[in-house]
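A short reminder: the numbers here are calculations on the coordinates, not readings from a lab. Predicted, not measured: the structure shown is a model, and the values here were computed from it. Cβ sites come from the backbone with ideal geometry, for glycine too, and all protein chains shown count toward neighbours.
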Amino acid sequence: MNMFMLGLLSGIAVFALIYSVFMLNKLQTGLILLSQNLDTHGKAIQMMFLKVNKIEKITENTMQASETFVDALRESAEQMMSMRPRNNQDDDSEQFDDLRKSFEDGIRRMEEDDEEGEEDSDNKWKK
């Protein structure tokens, strides 16, 4: 009877040892997969931040270019006004103001469209 009990206990111990090795191997595999997924997500987030940064720089450069364009347009209009005779100067300033207002309205409408587009994209994610 003692031999049977010792054999049973040693069998259970060997089974527990083999099972623990199997479970540790499974745990190690799971941790490796988790580590790989975290690395992949980290790289994806890093790329996303780089793309957003690039978009911000392009937006800033575009705004600076539009401001430069408006300044150049204003300077050329002032030069054209100075080259014309004095009696037509009132009409030209009104035309330039109309042109400036239409340009500013166009920029304002584009910004509003961008904001509406951002709200639509936010709503898509919320659904």
From phi via Karplus (6.51, -1.76, 1.60), per-residue ³J(HN,Hα) for segment 58-65 in Hz, x at Gly/Pro: 5, 5, 5, 5, 5, 5, 5, 5
The FRET efficiency for residue 24 and residue 2, from their Cβ-Cβ distance with R0 = 41 Å and rounded to 0.05, is 0.80
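Chymotrypsin sites (Phe, Trp or Tyr not before Pro), restricted to segment 1-77: which are DSSP loop and have at most 16 other Cβ atoms within 10 Å?
Nothing satisfies the criteria.
Starting from the Cα-Cα distance between residue 56 and residue 99, subtract it from 0.36 nm times their residue separation and give me the gain in nm to one decimal. All intermediate terms of the calculation are to be shown ahead of the outcome.
Details: separation 43, 0.36 × 43 = 15.48 nm, distance 2.84 nm.
Roughly 12.6 nm would be gained on extension.
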Treat every Asp and Glu Cβ in segment 1-74 as -1 and every Lys and Arg Cβ as +1, leave all other atoms uncharged, and give the resulting dipole magnitude about the Cα centre to the nearest 20 debye. 200
In sequence order, what are the phi-derived ³J(HN,Hα) couplings for segment 17-27 according to the Karplus relation 6.51 cos²θ - 1.76 cosθ + 1.60 with θ = phi - 60°, rounded to whole Hz, with x for glycine and proline? 5, 5, 5, 5, 5, 4, 5, 5, 5, 5, 5
